[in-house]
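Accompanying notes for the structure given below.
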Amino acid sequence: MNEERDRKRLQKFGQNLRTIREKLGLSQDQVVANCDLTKGNLSNIENGNKDFTFTTLLEIAKGLGIPPKELLDF
């Protein structure tokens, strides 16, 4: 496993997630109110500090009200 590569990918994903959330005009509180995720977890993912599972990806998409594939377009 390449830790540097993985860290960069998590950071890029997190930046994309934050950009999408902000474009939708949603706060982190609003996103987590619509899915099974804590604000702390969402914040850590946006900051690229936390790896996550596929099911978490689905929950984030649900909270944003978008198809999951949009989160992977970065």
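A few points about this structure:
- Within the range 1-23, the set of residues being outside any loop (DSSP other than H, G, I, E, B), surrounded by fewer than 16 Cβ atoms within 10 Å (Cβ to Cβ) and polar (S, T, N, Q) comprises Gln11, Gln15, Thr19.
- Condition check for Asp36: touching a residue at least 40 places away in the same chain (Cβ under 8 Å) and either touching a helix residue (DSSP H, G or I) at 6+ places or on another chain (Cβ under 9 Å) or open to solvent by less than 50 Å² (accessible area, probe 1.4 Å) (or both): no
- For the range 45-56, residues that are farther than 17 Å from Leu26 by Cα, surrounded by 14 or more Cβ atoms within 10 Å (Cβ to Cβ), free of Cβ contacts under 8 Å to residues at least 40 places away in the same chain and not hydroxyl-bearing (Ser, Thr, Tyr) total 1.
- Residue among Leu64, Leu72, Leu26 that is among the hydrophobic types (A, V, I, L, M, F, W, C), open to solvent by less than 80 Å² (accessible area, probe 1.4 Å) and under 11 Å from the mean Cα position of the chain (by Cα): Leu64
- Filtered residues of the range 16-39 (kept if basic (Lys, Arg) and closer than 11 Å to Leu64 by Cα): Arg18, Arg21, Lys23
The values are calculated or read from the model by the stated rules, or taken from the named source; none is laboratory data. Because the structure is predicted, anything quoted here is derived from the model rather than measured. Please note: Cβ atoms are built from the backbone with ideal geometry, for glycine as well, and neighbour counts cover all protein chains shown. We work out accessible area using only protein heavy atoms, side chains counted, and drop any ligands, DNA or RNA first. Shrake-Rupley method; radii C 1.70, N 1.55, O 1.52, S 1.80 Å.
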